[in-house]
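Quick notes on the structure that follows.
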């Protein structure tokens, strides 16, 4: 969508992240954390150059601590996302698609179509199968339920589902989009083509520069992942601040994407 300005888009996202962080810090400092901090004075020992052994031991201890604290929530969140996307299964629907593939294989055996046509037809069937499965899965139903909330941002239910899956880790957003739009989480070239050609029922494109800009900013701002929320809880010793971070960042992401999409339409 921005083939000639990719570097500027990336730089703009970094700048937007810094701006949001600074403004948030100023807002919280004036509205919530209004008390003056008590100066903390501590005498530091002379600095020593660490030994290689001590660095390795410290790295191992901190890494092990992180994995022990965060591995459980990440695993649980990933399993939940997988479960919501995999179930419920519909055997009758799968059998119908299998019969279509068998018919194509039969036509290949009879010499009516060649291997190239076979691969294309089977690929189309698998795409429709994956699309119908995702649309009727639990996470698809959740995505459709929240679509009215995301529609003012220009997002359809598939984008909403991708953002939901990003709760486990933001890296999953792209792979989820790959499954929803192409039926293949690995083929990024196919995903780019599919996103560019995706249309609503009225023929209007799903992805426009404004939608893409709002989507990038939404992914940038809303809470990173379950592990981050758990880390906030551990550091703050309370779920209150962890929940606040989720609600604040997601609400701010919605407002920013809303402003980009709605205001941008006056200039496009």
Can you say whether residue 167 is surrounded by 15 or more Cβ atoms within 10 Å (Cβ to Cβ), within 23 Å of residue 136 (Cβ to Cβ) and touching a residue at least 24 places away in the same chain (Cβ under 8 Å), as far as the supplied structure shows?
yes
From the list 13, 28, exactly one residue is surrounded by 12 or more Cβ atoms within 10 Å (Cβ to Cβ), part of a helix (DSSP H, G or I) and more than 22 Å from the chain's Cα centre (by Cα). Which is it?
28
Neighbours by Cβ (under 7 Å, 6+ apart or cross-chain): first from the range 105-116, part of a loop (DSSP other than H, G, I, E, B); second surrounded by 10 or more Cβ atoms within 10 Å (Cβ to Cβ):
113/107
Limited to the range 170-201, what total is found for residues that are over 30 Å from residue 229 (Cα atoms), in a helix (DSSP H, G or I), modelled with pLDDT of 70 or more and out of contact with any helix residue (DSSP H, G or I) (no Cβ under 9 Å at 6 or more places or on another chain)?
3
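The values are calculated or read from the model by the stated rules, or taken from the named source; none is laboratory data. Model, not experiment: these values are computed from the prediction. When we count neighbours, we look across all protein chains shown, and the Cβ atoms used for this are built from the backbone with ideal geometry, even at glycine.
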